[in-house]
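Participant: Take this structure first; my questions come after.
The values are calculated or read from the model by the stated rules, or taken from the named source; none is laboratory data. If you're wondering where the values come from, they're calculated on a predicted model, not measured in any experiment. Note: ideal-geometry Cβ built from the backbone for every residue, glycine included; neighbour counts use all protein chains shown.
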Amino acid sequence: MPENKRKLRLAGVVTLIAGVGALGALLSAYGAPRNTTAVADSLRCPSQYSTDAEAAAAFKTFSDDYYANHPNATMGEMLQARIDFYTTHHCTEELQRYKQAAAGEADKATMDTIDAAIQGAQ
């Protein structure tokens, strides 16, 4: 895969993750149950995976595990658990992107992607 295409794909995954984080901030005003399972603890920060597919698969594993342990949780609660995961696993790149997106300081393309993700989740 050409380097530019790989970078574009990675940027898309990162933007999606930032959007998920921003959506979590918007939806989780009520204190979410935390995900502390061994499955979640075995995962890494998205930026530590070598391919977009690995990062996406890890996020799916995280969300599947979360809902298996919290079947009545809202999407906002799951997304808050993901932010908690970023914090406990020291995912500094992801937390920085999340803070920028939540503050509306991300670039326009990133914010457009976040807005689209939020609209798609409603």
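Participant: Would you point out the residue of segment 73-122, among those that are hydroxyl-bearing (Ser, Thr, Tyr) and surrounded by 17 or more Cβ atoms within 10 Å (Cβ to Cβ), that is modelled with the lowest pLDDT?
Facilitator: Filtering segment 73-122 for residues that are hydroxyl-bearing (Ser, Thr, Tyr) and surrounded by 17 or more Cβ atoms within 10 Å (Cβ to Cβ), the one modelled with the lowest pLDDT comes out as Thr113.
Participant: Is there any pair with a first residue in segment 57-74 that is over 11 Å from Leu43 (Cβ atoms) and free of Cβ contacts under 8 Å to residues at least 12 places away in the same chain and a second that is of a type in the set (A, V, I, L, M) and assigned to a helix (DSSP H, G or I) whose Cβ atoms are under 7 Å apart and which are 6 or more apart or on different chains, and what are they?
Facilitator: Partner pairs satisfying both residue conditions: Tyr67/Met78.
Participant: From the residues in segment 74-109 that are of a type in the set (A, V, I, L, M, F, W, C) and part of a loop (DSSP other than H, G, I, E, B), which one is nearest to Phe62 (Cα to Cα)? Let's see the steps before the verdict.
Facilitator: Let us first name the residues in segment 74-109 that are of a type in the set (A, V, I, L, M, F, W, C), namely 75, 78-79, 81, 83, 85, 91, 95, 101-103, 106, 109.
Then drop every residue that is not part of a loop (DSSP other than H, G, I, E, B), which leaves 91, 103, 106.
Numbers: Cys91: 15, Ala103: 25, Ala106: 25 Å.
The selected residue is Cys91.
Participant: Taking the criterion of being surrounded by 18 or more Cβ atoms within 10 Å (Cβ to Cβ), modelled with pLDDT of 90 or more and assigned to a loop (DSSP other than H, G, I, E, B), would at least one residue in segment 47-54 satisfy it?
Facilitator: Within segment 47-54 (the criterion being surrounded by 18 or more Cβ atoms within 10 Å (Cβ to Cβ), modelled with pLDDT of 90 or more and assigned to a loop (DSSP other than H, G, I, E, B)), the answer is yes, since at least one residue qualifies.
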